[in-house]
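For reference, the structure is listed below as structure tokens.
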Amino acid sequence: MFVQQGVLPGDGGRGDGLVALAADFAPQGVEADHHVDARGRGKGRLGITRVSPLDTPAVRTPHEVLTCYYQAMLDKSPDDLADLYSIDAVHEFPFASPGFPPSFEGREAVRAGYRAAWGASPVQVEEVRRVAAYETADPEVIVAEHVVVGTLPAKATTFTVPGLLILHVRNGLITRVRDYMDGLGVASARK
């Protein structure tokens, strides 16, 4: 629904006030651009800016994001994983891990980093066991313990790698991850 152009309260009767678009009536994937005049000048016609569905997900809870995160790990899907992140998210690896940088900065760096790591890895993830998930005093933060069970097809061996994630989730997207994985366990499983 589009609001008719006209004089808005507080514009002194000049008729050049901002076009209002009630966010509740905006079509999905569209948001109001409040920096547009009554003639629709600005980013979009009548003050409309199209946005990516990645930037306007159905707002997931931190627990729901964690579930999607684990599914992306199980599927080794860098796209599904990266789509959980905000554009400017940071994914940190506080423990040194062979083959991983100290962090990925931005959604596309997460996508590229995991595409390279998972694409080059012969490891098949068989299961992600949830050990525990802890809510914190901050409703946007969840701490989760897990164990990844994997196989190395060439050796026909199974291994486990424990890990801990601290996820910061705002508006249904990850803004920051601190990923404490057993890097030495990963390295020894590949040998």
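General observations
- Flag if SER121 is surrounded by 13 or more Cβ atoms within 10 Å (Cβ to Cβ), within 20 Å of SER77 (Cα to Cα) and modelled with pLDDT under 90: yes
- Of the residues examined, ALA58 is one that is over 30 Å from THR160 (Cβ atoms), loosely packed, with under 13 Cβ neighbours inside 10 Å and at pLDDT below 70.
- The single residue among LEU164, LEU173 that is without any contact (Cβ under 8 Å) to a residue 24 or more places away in the chain and closer than 21 Å to ALA82 by Cα turns out to be LEU164.
- Exactly one residue among VAL161, VAL147 is open to solvent by less than 20 Å² (accessible area, probe 1.4 Å), more than 19 Å from VAL65 (Cβ to Cβ) and over 16 Å from the mean Cα position of the chain (by Cα), and that residue is VAL161.
The values are calculated or read from the model by the stated rules, or taken from the named source; none is laboratory data. What you are looking at is a predicted structure, and each value in this text was computed from that prediction instead of being measured. Note that each Cβ is placed from the backbone with ideal geometry, even for glycine, and that neighbours are counted across all protein chains shown. Just the protein is used for accessible areas: all its heavy atoms, side chains included, with ligands, DNA and RNA removed. Shrake-Rupley method; radii C 1.70, N 1.55, O 1.52, S 1.80 Å.
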